[in-house]
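Structure, as structure tokens:
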Amino acid sequence: MAYEFGFYNFLFPDELQDPCISLSCMGIEQRWNTDYYFDNRDRNIDSYLFQYTLKGEGIYESHGKRFRLKPGQGIFIHIPDDEKYYMPADTTDQPWEFIFLLLRGDSVSGYYELITKKAGKILDLPLQNSAIQTLFDLYNQTQSGRMFHPFLASEFAYRFLCRLCQSVIHNEADYSNRTQAAIKIMETQYASIEGIERIAGLLDISPNHLTREFTRETGVPPIKYLTNIRLQQAAALLRETALPVHHIAVTCGFSCGNYFTKIFRKHMNATPQEYRREWK
């Protein structure tokens with residue numbers, strides 16, 4: 001995979017300094033020498049770092065234990081903590097290349113605890129993994145100048161966390177045929193599906209049965225999964241069109257503009273109008 005190196009910061013407006021999930025910075029870097037060294041005990045920032053090795057090797061230390069990071073391995077760690085990561089002295093003839101992002105916000109901790117409890121802080125993920133591809137998508141859009149607004153970047157950060165959870169905890173390949181069918185219905189009929197009852201009817205099962213089975217396999221209730229799809233589609237229309245907010249609400253399957261605004265603000269930490277202004 002071809003890529004260029006770079007580092008980007010994202011800053012929220014003064015009135016929104018504590019969003020539930022925010023992307024502080026991200027980048028793709030290449031390190032050649034041992035000057036690259038971080039001791040998280042000395043860093044006074046409450047953040048979460050995900051760093052994924054693309055080429056070469058790095059070292060990660062946790063509470064005195066030392067691990068060598070190779071391509072296809074990522075670390076997901078909390079700062080501050082008793083951890084270090086750095087360029088090893090014995091491989092300075094080959095650079096360490098990695099993609100990373102730094103997340104902040106109260107809601108990140110739940111994802112972090114869920115992921116690290118299940119899989120640990122070192123994650124083995126193929127380059128084709130949907131979470132890793134989301135990182136590259138975010139990076140490429142940022143580098144090209146299409147992604148410089150913090151709201152939009154943080155939307156991608158939320159998407160990354162969801163896909164990382166899905167990769168680590170719930171493997172899509174293990175979903176039952178019925179759950180896969182339910183997801184397909186949501187993705188193709190999100191604008192017209194009236195609720196879980198309708199999806200359950202199409203699958204010839206009860207709504208309670210659908211909710212139990214879907215939640216068990218995906219980790220997310222079907223109504224929340226459907227809402228997330230609608231929000232992603234609505235966010236895209238806010239960014240890319242001048243359609244009125246109430247029209248976008250109905251187009252994406254929300255009952256009215258007021259309800260859409262309430263749900264959008266809850267998940268995106270901004271009203272649809274604020275989100276659109278940041279994008280313009």
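The values are calculated or read from the model by the stated rules, or taken from the named source; none is laboratory data. Here the structure is a predicted model, which is why all the values come from computation and not from measurement. Positions of Cβ are generated from backbone atoms using ideal geometry, with glycine treated the same way; all protein chains shown enter the neighbour counts.
The figures follow:
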read-out	value
Pair list, Cβ under 6 Å, 6 or more apart: the stretch 48-60 residue over 16 Å from PHE136 (Cα atoms), other residue polar (S, T, N, Q) and surrounded by fewer than 20 Cβ atoms within 10 Å (Cβ to Cβ)	GLY56/GLN94; GLU57/THR91
Pairs where the first residue, in the stretch 177-204, is surrounded by 14 or more Cβ atoms within 10 Å (Cβ to Cβ) and the second is of a type in the set (Gly, Ala, Ser), C-beta under 7 Å, 6+ apart	TYR190/GLY253; ILE193/GLY253; ILE199/ALA182; ALA200/SER206; LEU203/ALA181; LEU203/ALA182
Verdict on TYR139 being within 22 Å of CYS165 (Cα to Cα), at pLDDT 90 or above, among the hydroxyl-bearing types (Ser, Thr, Tyr) and assigned by TED's automatic domain parsing to the domain that holds TYR158	no
Residue within the stretch 78-99 that is of a type in the set (Phe, Trp, Tyr), within 15 Å of the chain's Cα centre (by Cα) and either outside the structural domain of TYR37 (by TED's automatic domain parsing) or surrounded by 13 or more Cβ atoms within 10 Å (Cβ to Cβ) (or both) present	no
Pairs where the first residue, in the stretch 268-280, is in a loop (DSSP other than H, G, I, E, B) and the second is at pLDDT 80 or above, C-beta under 8 Å, 6+ apart	ALA270/PHE264; THR271/THR261; THR271/PHE264; THR271/ARG265
Criterion: in contact with a His (Cβ under 6 Å, 6 or more places away or on another chain) and at pLDDT below 95 - qualifying residue of ASP82, ASP39	ASP82
Residue selected from the stretch 115-139 under the condition under 14 Å from the mean Cα position of the chain (by Cα) and without any contact (Cβ under 8 Å) to a residue 60 or more places away in the chain, by the criterion nearest to PRO71 (Cα to Cα)	ASN129
Scan of the stretch 1-36 for residues that are among the hydrophobic types (A, V, I, L, M, F, W, C), in a loop (DSSP other than H, G, I, E, B) and modelled with pLDDT of 85 or more, ordered by number	TRP32
Residue ranges of helices (runs of 4 or more DSSP H) in the stretch 193-254 with at least 1 members within 18 Å of LYS266 (Cα to Cα)	222-240, 245-251
Number of the exception - PHE76 against (1) out of contact with any Ser or Thr (no Cβ under 9 Å at 6 or more places or on another chain); (2) modelled with pLDDT of 95 or more	(1)
Residue in the stretch 95-118 that is more than 12 Å from TYR48 (Cβ to Cβ), small (Gly, Ala, Ser) and in a helix (DSSP H, G or I) present	no
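Rundown of residues vs (1) of a type in the set (Phe, Trp, Tyr); (2) in the same structural domain as ILE193 (by TED's automatic domain parsing); (3) surrounded by 17 or more Cβ atoms within 10 Å (Cβ to Cβ), yes/no style:
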| site | (1), (2), (3) |
| --- | --- |
| GLU217 | no, yes, yes |
| PRO221 | no, yes, no |
| ARG239 | no, yes, yes |
| GLY253 | no, yes, yes |
| PHE260 | yes, yes, yes |
